[in-house]
Amino acid sequence: MKSHLYLVIFTILAAICLLAMLAVTIIWMSVPTRIIYQESSLVRTQEYPFEVMEHGHSYFLTPKQKHTVNLIRFYTPIIWFSGFGYLLLFTAFGGFARLRLLQRQKSRAGFP
């Protein structure tokens, strides 16, 4: 029964990783695009001092917008690859556990 509890916990963590990866991907694809293409200025002003180059065009952002874009661009790969690494380990250890279970079943059945 103890191993089933671990399996449930690790499966819930895997689901959380998948949902986090999906959420971060959606945020990464929508928020910077909205900020840069819809909420930015085409000319530098006191209010929009930070320049961002996208596809050869200059867009100017407020400090808060620049901070938001930087946070999304910095943390998206960290969250995404951390989740991917956990899912990879989860899959690998699940496969190893399944092989051990098959080995036990074979030894109980009398196979060498």
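Where a number appears in this text, it was derived from the coordinates with a stated rule and is not lab data. Remember, predicted model here, so these are calculated numbers, not experimental data.
What the table below lists for this structure:
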read-out	value
Tail fraction, Cα-Cα pairs, segment 22-94, threshold 17 Å, whole percent	51 percent
0 to 90° range, to nearest 10: angle between helix 63-108 axis and the chain longest Cα axis	10 degrees
C-alpha long axis of helix 2-38 to longest principal axis of the chain, angle in °	20 degrees
